[in-house]
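> Sharing a structure below in structure tokens format, with a few things to ask.
The values are calculated or read from the model by the stated rules, or taken from the named source; none is laboratory data. Here the structure is a predicted model, which is why all the values come from computation and not from measurement. Cβ sites come from the backbone with ideal geometry, for glycine too, and all protein chains shown count toward neighbours.
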Amino acid sequence: MRRLGSTRRGGRTSRLVAAGVACGAALAALTVPAAEAGPFGRDGAHPGGVHWAAKDTGTPQVRFRGLAAVDRHTAWLAGTGGTVLRTTNGGSTWRNVSPPGAGELEFRDVQAFDARRAVVLAVGEGQDSRVYRTEDGGVTWTESFRNADPKAFYDCLAFFDRRHGLALSDPVDGKFRILSTRDGGRSWRVLPSDGMPPALDGEAGFAASGQCLATAGSRDVWLATGGGAHARVLHSADRGLTWQATGAPVPAGDPARGVFALAFRDRAHGVAVGGDYRPGRPSPQAAAVTADGGRTWRSATTPPPAYRSGAAWLPHSRTAALAVGPTGTDLTTDGGRTWRTIDTGSYDTVTCTADLSCWAAGEQGRAARLER
């Protein structure tokens, strides 16, 4: 999509337990009601010690819209200038593992299976949309897909497991295009479009945070749209072969508005965030929630105060989630119905892991981990 920049469209066991307990306490503190917890301070520090702790990447010129955290130690970043970074020590140091010759590409998404295996997506028109895969921590990369259709523009990708994944392109010949892999990103094929409903005029995906596709379980996947008369969320229960579209009550009717990110904690419960990405533009109703797998969506009664581009459920929580954007981070503790701002720093994307860690990334080389 022609948006958001110059391109379109675990002795060792005891230590692990202690780390998990500390991080778990931090996340638990986040869910304390505002009246008890109080607001974050101006520097992002919570009075109880919970805060986004910046992790210096040494790349202030790079904007990271792609983020994949494996656990509280290992995370991957993907951004402008063909940049891919990896940390295996909780962000204390980062290694530049960018694919050779990728300096002109815009990486907007990364999916990591562990500290060695990852897949990154470059976005852009025609052949600028590419997928690279590494099996040795970024020492070497293999280009596993290069788009040959000038009408396609890939926005994001998501995996169900270590083998099965999808990538989303803006509409081609009136329908969203879905790319599929069954071997962990080593090879890809375009899925037939018979089960995809027609796109609305001007409708497309947003390559803003790597979260325009979201999966839950082994077969369910949702895609987020904007740019058309109505923002929509499309759902597939068969790994992208057939889809059902539902309207989402977030700002729409303009190329800069729509649903930018989706997060599902299971097959039924999800949140959608978005709005109008242009600075200073109002974004009322910038979040919505579903409890039936996306068949229906309800507006948040107290939404984030501005456009948000990324979202993630807190680990092992049925009610708490984070949303991030250029003007701050918001927290919900009631499943997405109400949100409150807990930080005012700029982040584009956010993710949480099963070992009780949350990470965020964004402009000016920013990367952070939730700590206390």
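> With segment 191-296 as the region, which strands (runs of 3 or more DSSP E) entirely inside it contain at least 2 residues that are crowded, with 19+ Cβ neighbours inside 10 Å?
213-216, 220-224, 232-236, 257-264, 270-276, 287-290
> Inspect segment 204-222 for any residue being in contact with a Gly (Cβ under 7 Å, 6 or more places away or on another chain) and either at pLDDT below 95 or farther than 25 Å from Thr351 by Cβ (or both) and give the result as yes or no.
The answer is no; no qualifying residue exists.
> Of everything in segment 69-115, what is within 19 Å of Ala54 (Cβ to Cβ), of a type in the set (A, V, I, L, M, F, W, C) and part of a strand (DSSP E or B)? Give them in sequence order.
Once the filter is applied, which keeps residues that are within 19 Å of Ala54 (Cβ to Cβ), of a type in the set (A, V, I, L, M, F, W, C) and part of a strand (DSSP E or B), segment 69-115 yields Ala69, Ala75, Trp76, Leu77, Ala78, Leu85.
> Just the residues that are basic (Lys, Arg) and either closer than 20 Å to Asp220 by Cβ or under 17 Å from the mean Cα position of the chain (by Cα) (or both), please, taken from segment 275-326.
Arg295, Arg298, Arg308, Arg318 - these are the residues of segment 275-326 that are basic (Lys, Arg) and either closer than 20 Å to Asp220 by Cβ or under 17 Å from the mean Cα position of the chain (by Cα) (or both).
> Still on this model: Identify the single condition in (1) in a strand (DSSP E or B); (2) surrounded by fewer than 23 Cβ atoms within 10 Å (Cβ to Cβ) that Thr329 does not satisfy, given that it satisfies every other one.
(2) is the only condition that Thr329 fails.
Residue-by-condition table, conditions (1) of a type in the set (Gly, Ala, Ser); (2) in a loop (DSSP other than H, G, I, E, B); (3) surrounded by fewer than 19 Cβ atoms within 10 Å (Cβ to Cβ):
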position: Ala122; (1), (2), (3): yes, no, no
position: Tyr132; (1), (2), (3): no, no, no
position: Gly138; (1), (2), (3): yes, yes, no
position: Ser144; (1), (2), (3): yes, no, yes
position: Ala148; (1), (2), (3): yes, yes, yes
position: Cys156; (1), (2), (3): no, no, no
position: Asp170; (1), (2), (3): no, no, no
position: Phe176; (1), (2), (3): no, no, no
position: Asp183; (1), (2), (3): no, yes, yes
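> Output the qualifying pairs, or none if there are none: Cβ atoms under 9 angstrom, residues six or more apart or on different chains, first residue in segment 350-370 and of a type in the set (Phe, Trp, Tyr) and buried (at least 24 other Cβ atoms within 10 Å of the Cβ), second residue assigned to a strand (DSSP E or B) and modelled with pLDDT under 95.
Correct list of pairs: Trp359/Leu370.
> Of all residues in segment 137-194, which are of a type in the set (D, E, K, R) and farther than 21 Å from Ala214 by Cβ?
Answer for segment 137-194, where residues must be of a type in the set (D, E, K, R) and farther than 21 Å from Ala214 by Cβ: Glu143, Arg146, Asp149, Lys151, Asp173, Asp183, Arg186, Arg189, Asp194.
> Kindly establish whether Gln61 is modelled with pLDDT of 95 or more and either on the phi > 0 side of the Ramachandran plot or assigned to a strand (DSSP E or B) (or both).
no
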